[in-house]
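As structure tokens, the structure follows; a few thoughts come after it.
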Amino acid sequence: MRALSWQHSWQTITQKLRVVSDVDDEQALIDALSRPDVTTVLGFANAHAMNLVAANTDYFNALLAADVLLRDGSGMAILFRRLGLEPGLNMNGTDFIPKLLAAFKGRRVAFWGTEEPFLANAVQRGEALFAVNVVSAHHGFAPVDAYINLARQFQPELVVLGMGMPKQEAVAARLAVSGVPCLVVCGGAILDFLGGKVTRAPQWVRRLGCEWVFRLIGEPKRLFRRYVVGNPMFLLRTLIYRDKGKVTCSK
């Protein structure tokens with residue numbers, strides 16, 4: 001992506017974001033997402049996603065293809081305030097996706113992502129906590145076409161992708177044109193959390209917006225580049241970002 005074109009990409013993604021104003025608005029969104037008539041993709045944009053957007057045109061296009069895109073994390077709140085915008089609720093996928101799962105009680109769900117034994121643990125815990133019927137579970141390292149075939153075979157009403165960025169967004173974009181009516185959620189580490197591979201930070205750490213520090217301490221090697229390198233890069237881009245007065249967010 002050529003120099004400074006990332007600013008246009010950031011503006012485009014920011015315009016796409018749906019700001020959730022309060023808990024009633026959140027519940028209305030859950031109700032709407034739980035009744036998909038066509039393939040609907042739910043994505044989340046956090047600081048890591050914005051860094052990827054700045055460097056990867058394919059990822060930018062895949063993220064932009066989401067039908068609903070939500071703001072995730074304190075970094076994005078900083079960006080919104082930099083633009084003079086109200087950030088609304090923090091729509092952290094790890095907190096929001098379980099609410100969606102609860103709305104799919106008794107319905108057909110697919111968990112695609114992570115690895116064993118954590119995937120099996122996620123299936124067991126998901127069925128126990130949310131009473132969903134997990135009809136398909138598959139690790140997150142298969143070719144994209146494998147997931148398209150699984151969707152056609154099992155016809156899930158909800159697909160939770162736990163492959164991480166940028167692969168899950170690429171899979172979601174392909175599913176969106178597959179013709180299988182369902183909700184596709186780009187879930188990041190949600191299956192790792194459900195499966196016990198990753199532990200959530202204490203509530204007080206989350207309230208401070210510092211869960212990323214907790215995760216970095218737990219997985220320093222894997223997350224070093226994302227957080228130690230990526231967070232300062234995101235903040236630097238935020239500081240030099242120039243709002244052209246055209247940014248509005250979806251409601």
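The values are calculated or read from the model by the stated rules, or taken from the named source; none is laboratory data. This structure is a prediction, so every number in the text was calculated from the model and none was measured. With ideal geometry, Cβ positions are generated from the backbone for all residues, glycine too; neighbour counts draw on all protein chains shown. Side chains are part of the model used for accessible areas, which takes the heavy atoms of the whole protein and leaves out ligands, DNA and RNA. Shrake-Rupley method; radii C 1.70, N 1.55, O 1.52, S 1.80 Å.
Non-local amide H neighbours of GLY113 (under 5 Å, H modeled in plane, Pro and chain starts lacking H): which ones?
Here HIS138, HIS139, GLY140, GLY162 satisfy the definition.
Under 8 Å for C-alpha pairs, at least 6 residues apart: give me the relative contact order for the range 89-159, rounded to a whole percent. Present the calculation step by step, with values, prior to reporting the outcome.
Working: 81 pairs, mean separation 27.9, N = 71.
Over the range 89-159, the number comes to 39 percent.
Using the C-alpha atoms of the range 1-131, what convex hull volume per residue, in cubic angstrom, is computed?
Dividing the Cα hull volume of the range 1-131 by its residue count gives 123 Å³.
Quick check: net charge around MET163, other residues with Cβ under 12 Å of its Cβ, Lys/Arg +1 and Asp/Glu -1?
-2
If I model a spin label as a point 7 Å beyond the Cα along the Cα-Cβ vector, how far apart are those points for GLU115 and ASN61 in nm?
For the pair GLU115/ASN61, the computed spacing is 3.0 nm.
For the chain, what does the accessible surface come to per residue with a 1.4 Å probe? Please give it in Å².
47
Subtract the Cα-Cα distance of LEU223 and ASP95 from 0.36 nm times their separation in residues, and report this length gain in nm to one decimal.
Additional length available on full extension: 44.1 nm.
Give me the accessible area of LEU235, 1.4 Å probe, in Å² rounded to the nearest 10.
The value for LEU235 is about 80 Å².
For the range 16-32, take each phi angle, set θ = phi - 60°, evaluate the Karplus expression 6.51 cos²θ - 1.76 cosθ + 1.60, and give the result in whole Hz per residue in order, putting x for glycine and proline.
So the Karplus estimates, Gly and Pro as x, are 6, 4, 9, 7, 9, 7, 7, 5, 5, 5, 4, 5, 4, 5, 4, 4, 5 Hz.
What net charge do the residues around VAL180 carry, taking every other residue with its C-beta under 15 Å from that of VAL180, with Lys and Arg at +1 and Asp and Glu at -1?
0
Note down the relative contact order for the chain as a percent, whole number, built from C-alpha pairs under 8 angstrom at least six residues apart.
26
Using a 1.4 Å probe and ignoring any ligands, DNA or RNA, find the accessible area of ILE148 and quote it in Å² to the nearest 10.
10
Between ASP145 and ILE30, what length comes free when the chain is fully extended (0.36 nm per residue of separation minus the Cα-Cα distance, one decimal in nm)?
Taking 0.36 nm per residue and subtracting the Cα distance, the gain is 38.5 nm.
Roughly how much of PHE224 is accessible, in Å² to the nearest 10, using a 1.4 Å probe?
Result for PHE224: roughly 110 Å² accessible.
What distance in nm separates the simple spin-label points at ARG125 and LEU239, each placed 7 Å from Cα in the Cβ direction?
Computed distance between label sites ARG125 and LEU239 equals 3.8 nm.
Quick one: order TYR227, TYR147 from most to least accessible surface, probe 1.4 Å.
Ranked from most to least accessible, the order is TYR227, TYR147.
Taking θ = phi - 60°, what integer Hz values does the Karplus form 6.51 cos²θ - 1.76 cosθ + 1.60 yield along the range 153-164, in sequence order, with x for Gly and Pro?
Taking θ as phi minus 60°, the curve returns 6, 9, 6, x, 8, 9, 10, 9, 9, x, 9, x Hz for the range 153-164.
Within the chain, what whole-number % of the accessible surface is contributed by carbon and sulfur, with the 1.4 Å probe and all protein chains included in the calculation? Could the numbers behind the result be given before it?
Numbers: 6580 of 11820 Å².
The computed percentage sits at 56.
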